[in-house]
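The values are calculated or read from the model by the stated rules, or taken from the named source; none is laboratory data. Keep in mind it's a predicted model, so treat the numbers as computed, not measured. We place every Cβ from the backbone using ideal geometry, glycine too, and count neighbours over all the protein chains shown.
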Amino acid sequence: MRISNTAASSVAATKPYVGGSWTRNIAAMAIGSALLAVSAHLQVPFWPVRLSMQSFVVLAIGIACGGRLGAATLLAYLAEGALGLPVFQSGAGPAYMAGPTGGYLLGYLLAAATVGGLADRGVTRHWPGRLAVLLLGEALIYLPGIAWLAVLFGPAKSLAFGLVPFLPAEAVKLALAAVAAPFLRRDAG
């Protein structure tokens, strides 16, 4: 069976700006992990909670790096935190990762891999697909986060303290990611 050139080219519609050689991949992982660590410590006053830019950076890493390199970048970030480096908002080490933020940390990995994989397939090229992918990325961050909080504190508290206060800030970050996405990838052709 023969696949037409247009069908094959639509599968790989865009390429990430980063990646390629082994050294570029390592550099991209280091830069992405560093940006994520910095974003954990920078907080912007927002209502009703203070805003960190972590979820924005996670989505941007997925779009800029693609699925595999995005996942590798998040794995490097999580490994740094597990080893005790101060890359998380307010702690480090395995005990911190098993605490209330553990589900969100898992969600970061899921979101970067999924958003990146869908961006690799060209789904983020146009507004409807881009918004759908970014909303999926946000859901992948929050679902394991809320689920883990529910295990620790109960379902009502997990929604009241782990989702609802963050919705306005997440809407702003999602809009920023949607606007930034075309600048984080290039056309394959």
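Observations, loosely collected:
- Residue check, S55 buried (at least 19 other Cβ atoms within 10 Å of the Cβ), of a type outside the set (A, V, I, L, M), on the phi < 0 side of the Ramachandran plot and free of Cβ contacts under 8 Å to residues at least 60 places away in the same chain: no
- With respect to (1) of a type in the set (V, I, T); (2) touching a strand residue (DSSP E or B) at 6+ places or on another chain (Cβ under 8 Å); (3) more than 23 Å from V172 (Cα to Cα), the lone exception for V87 is condition (2).
- On inspection, G32 fails the criterion of being modelled with pLDDT under 85, under 21 Å from the mean Cα position of the chain (by Cα) and not basic (K, R).
- Number of the exception - Y96 against (1) closer than 16 Å to L35 by Cβ; (2) assigned to a helix (DSSP H, G or I): (1)
- G107 meets the conditions (1) at pLDDT below 95; (2) surrounded by 23 or more Cβ atoms within 10 Å (Cβ to Cβ) in every case but one. The failed one is (1).
- Test: residue in segment 155-162 that is among the charged types (D, E, K, R) and surrounded by 20 or more Cβ atoms within 10 Å (Cβ to Cβ): no
- Number of the exception - Y142 against (1) part of a loop (DSSP other than H, G, I, E, B); (2) in contact with an Asp or Glu (Cβ under 9 Å, 6 or more places away or on another chain): (1)
- Matching entry among A180, A119 (being under 16 Å from Q54 (Cβ atoms), within 15 Å of the chain's Cα centre (by Cα) and of a type in the set (G, A, S)): A180
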